[in-house]
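**Q** Here's a structure for you.
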Amino acid sequence: MDSRQMLDLVAAAGAGDDRLVLVGIGGHGGAGKTTLARMVPGAQVVSTDEFWTGEGFDIERLSREVVTPLLAGTVARFASYDWATRTARGARVIEPAGVVVVEGVFALDHTLRDAYAVRIWVEAPHDVRFARGLARDGEGARATWVDVWMPNEATYAERDDPLSCAHLIVAAPRPSASRCRRTPPRRPSFAAP
């Protein structure tokens, strides 16, 4: 996955000045959001997966315990959930300086968008995402991916249209290629009466 354009946007937003640069990386499950987030040198990464309740992602808590304190210049403290082990991981602390990446399916939720200096959407084909999800979560998760997870993501994407707010769309590669295209945030257009 080519991260150059993303790193350019993060640098242009002030990375390296030791001031806070909040970056949101969204995309469907298995698209490559976590991989892309890990490509930001020195970034503190917070995943929406850490806010899983067992039934959904608590985006309000993410906003209250991470985004709001960071924007106020204070340390963010939150109880973290470990998606891989399906257990509470304990408390995490995020400092209000440098690059902080919030990544996950719901990272570009309409309630969080304005907080980010940089918004990125990672796009990957359905079959690639599905295969990655099964590789990560196991064959036993197939029904959940097919019947619950992917339909819920599609509903979220349709309702919130996170793609429309992205400063950059990163096309996650099929096994052999990568491409990025830079897009400005979409603005509503109004037709003359």
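The values are calculated or read from the model by the stated rules, or taken from the named source; none is laboratory data. Computed from a predicted model, the values in this text were never measured in an experiment. Methodologically, a virtual Cβ is constructed for each residue, glycine included, from the backbone with ideal geometry; neighbour enumeration extends over all protein chains shown. For the accessible areas, the whole protein counts, side chains as well, though only heavy atoms, and no ligand, DNA or RNA atoms are used. Shrake-Rupley method; radii C 1.70, N 1.55, O 1.52, S 1.80 Å.
**Q** Quick one: compute the contact order of the chain, relative version, from alpha carbon pairs under 8 angstrom and 6+ residues apart, as a percent. It would help to have the intermediate numbers written out before the result.
**A** Values: 334 pairs, mean separation 55.5, N = 193.
Here the relative contact order equals 29 percent.
**Q** Length gain on complete extension for the stretch Ala131 to Leu71, per 0.36 nm per residue less the alpha carbon to alpha carbon distance? Provide the component values of the computation, followed by the final result.
**A** Numbers: separation 60, 0.36 × 60 = 21.60 nm, distance 3.68 nm.
Extra length available between Ala131 and Leu71 comes to 17.9 nm.
**Q** Length gain on complete extension for the stretch Arg19 to Asn152, per 0.36 nm per residue less the alpha carbon to alpha carbon distance? Could you put the intermediate results ahead of the total?
**A** Details: separation 133, 0.36 × 133 = 47.88 nm, distance 3.57 nm.
Length gained between Arg19 and Asn152: 44.3 nm.
**Q** Something else: If amide hydrogens are placed 1.01 Å from N in the peptide plane, which non-local residues have theirs closer than 5 Å to the one on Val101?
**A** HN-HN under 5 Å from Val101: Val23, Gln44, Val45, Val46.
**Q** Hey, if you put +1 on the Cβ of every Lys and Arg and -1 on every Asp and Glu Cβ in the range 9-74, which of Gly14, Gly27, Thr53 ends up farthest toward the positive end of that dipole?
**A** Selected residue: Gly14.
**Q** Return the carbon/sulfur percentage of the accessible area of the chain, one whole number, probe 1.4 Å, all protein chains in place. Each step should come with its number before you reach the end.
**A** On the way: 5250 of 9940 Å².
Roughly 53 percent of what the probe reaches on the chain is carbon or sulfur.
**Q** Using only Cα atoms, figure out Rg for the range 54-138 and give it as a multiple of 2.2 N^0.38 Å. Present the calculation step by step, with values, prior to reporting the outcome.
**A** On the way: Rg = 14.6 Å, N = 85, 2.2 N^0.38 = 11.9 Å.
The reported ratio for this selection is 1.23.
**Q** How big is Rg to Rh over the range 50-96, alpha-carbon atoms, Rh as the Kirkwood inverse-mean-distance radius? Mind showing how you got there, number by number?
**A** Numbers: Rg = 11.0 Å, Rh = 11.0 Å.
Using Cα coordinates only, the ratio equals 1.00.
**Q** Okay, next question. What residue among Val75, Val148, Gly42 has its Cα farthest toward the positive end of the dipole of the chain, where the charges are +1 on Lys, Arg and -1 on Asp, Glu, each on the Cβ?
**A** Gly42
**Q** Could you tell me whether the range 1-90 comes out rounded, prolate or oblate from its Cα gyration tensor? Rule is a ≥ b ≥ c as square roots of the eigenvalues, rounded for a/c under 1.5, then prolate if a/b exceeds b/c, otherwise oblate. Intermediate results must be reported in sequence, preceding the final value.
**A** On the way: a/c = 2.24, a/b = 1.30, b/c = 1.73.
Here the range 1-90 falls in the oblate category.
**Q** Taking a probe of 1.4 Å, how large is the accessible area per residue of the range 105-149, in Å²? Working shown, then result.
**A** Numbers: 2160 Å² over 45 residues.
Using a 1.4 Å probe on heavy atoms only, each residue of the range 105-149 averages 48 Å².
**Q** What figure, in Å² to the nearest 10, do you get for the accessible area of His110 with a 1.4 Å probe and non-protein molecules left out?
**A** In the full protein context, His110 sits at about 110 Å².
**Q** Right, another one. Which loop-located trypsin sites (Lys or Arg not before Pro) does the range 43-94 contain, where loop means any DSSP state but H, G, I, E or B and the Cβ has at most 13 other Cβ atoms within 10 Å? Mind showing how you got there, number by number?
**A** Details: sites: Arg61, Arg64, Arg77, Arg86, Arg89, Arg92; in loops: Arg86.
Counting only loop positions with at most 13 other Cβ atoms within 10 Å, the trypsin sites (Lys or Arg not before Pro) in the range 43-94 are Arg86.
**Q** Taking the alpha carbon gyration tensor of the range 126-175, what are the square roots of 5 times its eigenvalues, largest first, to the nearest whole Å?
**A** Values: eigenvalues 101, 51, 8 Å².
Square roots of five times the eigenvalues give 22, 16, 6 Å.
**Q** Now a separate question. Taking the Cα atoms of the range 29-172 alone, what are Rg (to one decimal) and Dmax (as a whole number) in Å?
**A** 14.9, 43
**Q** Right, another one. Under a Cβ-only charge scheme (Lys and Arg +1, Asp and Glu -1), can you give me the dipole magnitude of the chain about the Cα centre, in debye to the nearest 20?
**A** Once rounded to the nearest 20, the dipole reads 460 debye.
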